[in-house]
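Where a number appears in this text, it was derived from the coordinates with a stated rule and is not lab data. Since we're looking at a predicted model, the values are computed, not measured. So basically every Cβ, Gly included, is an ideal-geometry build from the backbone, and we count neighbours across all protein chains shown.
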Amino acid sequence: MVGRVVASRGVALASVLALAAGPAAAHVGGGEAAGFLAGLAHPFTGLDHALAMVAVGAWAAQSGRVASRALPASFLVAMAAGAALAMSGLALPGVEVAIALSVLALGAAIAFAARPATWIAVALVAAFAVFHGHAHGSELLAGASALATASGFMLATAALHAIGFVGLAIAARPAPRLARALGAAIALAGALLLAA
């Protein structure tokens, strides 16, 4: 009885916090990032960014030797390009939708253990990364160092890729179904972000 009450209160608290947070509202045009530490923190403070970046690393671990290097590398390069677009003042339509869609698609790729041709996977990951980078670049404060901020979010992104890669590699050995279940959970989070 006590366990049920505690669990239901936990679910209620989580629901309230999720509603209070809103749908990835801290992104485009927020003007919040200034310097290396702000850039480093940004991918960790947005659930959508963190899930997508972890998913890239996890899918890379699941996809084979060439893709294990190509997917994270293409994400980083395309994210830098997206940030440069934003910092130059070029707007992209649908940034928040594309970011939520990236969480859904990358989670689904893990859940279904998708193994398309490497160039297709790289193109998909790079396309999503442009939008993630644009969101990061849009939040750069006027007068802040673009290089320092970008260095921070690039390092954080690489760390999140590594977490996904190592996490999936560890989970997949003893329990391949667990890895797929984690992908499904990420996809579900992406669907909820899209619906919000």
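Just a few scattered comments:
- Modelled FRET efficiency - R0 35 Å, Val166 with Ala91, Cβ distances, 0.05 increments: 0.45
- Anisotropy class of segment 42-102 from Cα gyration tensor, a/c 1.5 cut: prolate
- Annotation for segment 87-196: chymotrypsin sites (Phe, Trp or Tyr not before Pro) lying in DSSP loop with at most 14 further Cβ atoms inside 10 Å of their Cβ are Phe112.
- Each Lys or Arg adds one and each Asp or Glu subtracts one; over the other residues with Cβ under 15 Å from the Cβ of Gly82, this totals -3.
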